[in-house]
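Q: Please find one structure pasted underneath; my questions will follow.
Bear in mind that the values in this text are calculations on the coordinates, not laboratory data. What you see is a predicted model, and the numbers here were worked out from it, not measured in a lab. Don't worry about glycine lacking a Cβ; one is built from the backbone with ideal geometry, like all the others, and counts go over all protein chains shown.
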Amino acid sequence: MTTDGGTGSVQLASASLRLTADSDEIAHLVCCRDQPWRVAFCGFESDTINMAAEHVCGMCVAEVERLLPDVYEQPSPRCPKDRRLCPTLFEVEKRVMREVSP
Ligand SMILES: [Zn+2]
Ligand SMILES: [Zn+2]
C-alpha cells in the first residue's frame with residue numbers, strides 16, 4: 001500500500017469519497033439514495049463528504065424546496081426526489097462509512 005503524500009490530486013478512477021471535517025465549508029445536499037453520491041441537488045460535483053459543515057448551499061436548499069414545497073411540513077424526513085421516507089440517520093451513517101472506505 002502506498003500513500004501519495006496528500007498532493008490533493010483527484011483520482012477519477014477511485015470509487016470512494018473522502019471524508020472531510022471543515023466547518024467553514026459550504027455543504028451541498030445529495031439525495032440519500034443517490035448512486036453514486038457525487039452530484040448535489042444544485043449540480044455541484046464533489047468527491048468529499050463533509051460532516052462538519054455548518055452552512056448549507058442555498059442553491060441546494062432552493063432546489064429541494066422546488067421539488068418538495070412542503071418539505072418543512074413533513075412529519076418525518078422525505079426524499080425530495082422520490083418522496084419516499086428517507087433512511088434513518090443510522091442507515092445514512094452506515095452508507096457514509098461504506099462510501100469513504102477504500
Ligand atoms: Zn449546492
Ligand atoms: Zn433521497
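Q: Just the ratio, please: alpha-carbon radius of gyration of the chain over 2.2 N^0.38 Å, N its number of residues.
A: Numbers: Rg = 14.9 Å, N = 102, 2.2 N^0.38 = 12.8 Å.
That works out to 1.17 for the chain.
Q: Taking the dipole about the Cα centre of the chain, with the C-beta of Lys and Arg at +1 and of Asp and Glu at -1, give me whichever of Cys86, Ile26, Pro102 is farthest to the positive side.
A: Cys86
Q: Still on this model: Take Met59 and Asp82, extend 7 Å from each Cα along the Cα→Cβ direction, and tell me the distance between the two endpoints in nm.
A: Reported label-point gap for Met59 and Asp82 is 2.6 nm.
Q: With +1 on each Lys and Arg Cβ and -1 on each Asp and Glu Cβ, how big is the dipole of the chain about its Cα centre, in debye rounded to the nearest 20? Don't skip to the end; give the middle numbers.
A: On the way: 11 positive and 16 negative charges, 100 e Å.
Roughly 480 debye for the chain.
Q: Tell me, what is the percent relative contact order of the chain, built from C-alpha pairs under 8 Å that lie six or more residues apart?
A: Averaging sequence separation for qualifying contacts and normalising by length gives 28 percent for the chain.
Q: What value, in deg cm²/dmol to 500, does the helix sum -39500 (n - 2.57) over DSSP H runs of n ≥ 4 give at 222 nm once divided by the residues of the chain?
A: -6500 deg cm²/dmol
Q: For the Cα atoms of the chain, what angle does the longest principal axis make with the long axis of helix 89-100, in degrees from 0 to 90, nearest 10?
A: Taking Cα atoms only, the helix is inclined about 30 degrees.
Q: Fewest to most neighbouring Cβ within 10 Å: what's the order for Met59, Met97? Present the calculation step by step, with values, prior to reporting the outcome.
A: Working: Met59 16, Met97 10.
Least to most surrounded, the residues fall as Met97, Met59.
Q: Pairing the Cα long axis of helix 58-67 with the longest principal axis of the chain, what angle in degrees results, from 0 to 90 and rounded to the nearest 10?
A: It works out to around 40 degrees.
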